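The block underneath contains the structure these notes are about, expressed in structure tokens.
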Amino acid sequence: MTVLRPVRVGNAFEETVEHLLKHIKLGVFPAGERLAPERELSEALGISRATLREALKALVEAGYIESQRGRYGGNFVSSSTPLHASGKVPLSATEVEDVLLYRGVVEPAAAELAAKATLSPQLRQELIACLHATSEAQAANYRPLDSRLHLTIAEATGSAMLLDAVVDIRSKINELLDRIPLIPANIGHSNEQHLELVEAILHGDAERARAVATDHLEGTAALLRGFLA
């Protein structure tokens with residue numbers, strides 16, 4: 001498995017999905033090929049077998065991998081590539097990266113400034129309410145509530161122009177997210193990061209807020225690059 005390299009710990013699940021998708025799309029793992037055993041894959045990627053299994057499950061559900069049981073079973077690359085953005089104009093890698101770059105500049109700055117701001121009791125309660133609503137959301141309602149949390153963080157900065165920028169970013173990023181499957185493991189990881197982010201803001205830890213926001217965005221970016229690039 002020399003073609004695979006270890007992923008970063010912070011977003012191990014998302015980056016594993018990205019790595020495997022990249023190799024499938026490049027033909028390194030051709031259609032119909034049986035993937036290496038889980039032990040070899042997990043060692044090559046530097047992750048636990050539990051994380052690998054979550055990533056493989058996501059790719060099975062997305063239609064990129066087929067899992068077969070029995071003596072000659074295993075995980076096989078699907079013979080056809082699924083089309084998650086059916087009916088939509090394909091995006092170039094440059095277009096995807098442009099949105100991710102834009103988001104990567106603005107939203108971590110918003111998180112940092114929100115942590116530095118003097119928050120009213122009402123705004124603090126709104127952040128907590130948005131956090132709880134997102135963590136308890138069903139899949140069908142997750143993305144709108146996720147957007148609301150990110151917009152509330154931007155609102156906490158006190159900058160109307162920055163809030164407008166995040167509104168613009170969310171419209172663009174949601175258009176990309178609508179082109180890929182909603183993955184439960186990623187939602188769970190995102191909710192953990194949301195909790196860390198809101199706690200950092202409420203405690204006024206600006207450095208931590210920026211770092212968590214950056215890490216959170218990189219996880220989403222890894223999935224988008226994997227599915228769309």
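Looking at the structure I just gave you, is LEU177 within 30 Å of SER92 (Cβ to Cβ), buried (at least 17 other Cβ atoms within 10 Å of the Cβ) and at pLDDT 95 or above? Break it down stepwise before answering.
Details: within 30 Å of SER92 (Cβ to Cβ): yes; buried (at least 17 other Cβ atoms within 10 Å of the Cβ): yes; at pLDDT 95 or above: no.
Judged against the criteria, LEU177 is not a match.
Can you find even one residue in the stretch 85-92 that is outside any loop (DSSP other than H, G, I, E, B) and over 22 Å from the mean Cα position of the chain (by Cα)? Walk me through how you get there before you give the answer.
Taking the stretch 85-92 and keeping what is outside any loop (DSSP other than H, G, I, E, B), we get none.
For the stretch 85-92, residues outside any loop (DSSP other than H, G, I, E, B) and over 22 Å from the mean Cα position of the chain (by Cα): absent.
For the stretch 134-172, which positions are more than 17 Å from ALA111 (Cα to Cα), hydrophobic (A, V, I, L, M, F, W, C) and crowded, with 16+ Cβ neighbours inside 10 Å?
ALA137, LEU145
Of the numbered conditions (1) in contact (Cβ under 8 Å) with a residue 24 or more places away in the chain; (2) surrounded by fewer than 18 Cβ atoms within 10 Å (Cβ to Cβ); (3) in contact with a helix residue (DSSP H, G or I) (Cβ under 9 Å, 6 or more places away or on another chain); (4) farther than 30 Å from ALA211 by Cβ, ARG39 satisfies every one except a single condition; which is it?
(1)
How many residues does the stretch 111-151 contain that are within 24 Å of LEU182 (Cα to Cα) and not in a helix (DSSP H, G or I)?
Total meeting the criteria: 3.
In this structure, does THR220 turn out to be over 20 Å from GLY10 (Cα atoms), β-branched (Val, Ile, Thr) and either outside the structural domain of LEU59 (by TED's automatic domain parsing) or assigned to a helix (DSSP H, G or I) (or both)? Full working, then the answer.
Numbers: over 20 Å from GLY10 (Cα atoms): no; β-branched (Val, Ile, Thr): yes; either outside the structural domain of LEU59 (by TED's automatic domain parsing) or assigned to a helix (DSSP H, G or I) (or both): yes.
No: the conditions fail for THR220.
Take the stretch 16-38 and flag every residue that is aliphatic (A, V, I, L, M) and either at pLDDT 85 or above or not in a helix (DSSP H, G or I) (or both).
To start, the set of residues in the stretch 16-38 that are aliphatic (A, V, I, L, M) comprises 17, 20-21, 24, 26, 28, 31, 35-36.
Once the filter is applied, which keeps residues that are aliphatic (A, V, I, L, M) and either at pLDDT 85 or above or not in a helix (DSSP H, G or I) (or both), the stretch 16-38 yields VAL17, LEU20, LEU21, ILE24, VAL28, ALA31, LEU35, ALA36.
Does any residue of the stretch 58-66 turn out to be in a strand (DSSP E or B), closer than 20 Å to GLY226 by Cα and in the same structural domain as VAL17 (by TED's automatic domain parsing)?
Step one: list which residues in the stretch 58-66 are in a strand (DSSP E or B), which gives 65-66.
Going one step further and asking which of them are closer than 20 Å to GLY226 by Cα, we end up with 65-66.
So of that shortlist, the ones also in the same structural domain as VAL17 (by TED's automatic domain parsing) come out as 65-66.
Yes.
Looking at the stretch 131-166, which of the residues that are under 17 Å from the mean Cα position of the chain (by Cα) and among the hydroxyl-bearing types (Ser, Thr, Tyr) is nearest to ALA117 (Cα to Cα)?
Here the residue is SER147.
The values are calculated or read from the model by the stated rules, or taken from the named source; none is laboratory data. Quick caveat: nothing in here was measured; it's all calculated off a predicted structure. For neighbour counting, all protein chains shown are included, and Cβ atoms are generated from backbone atoms with ideal geometry for every residue, glycine included.
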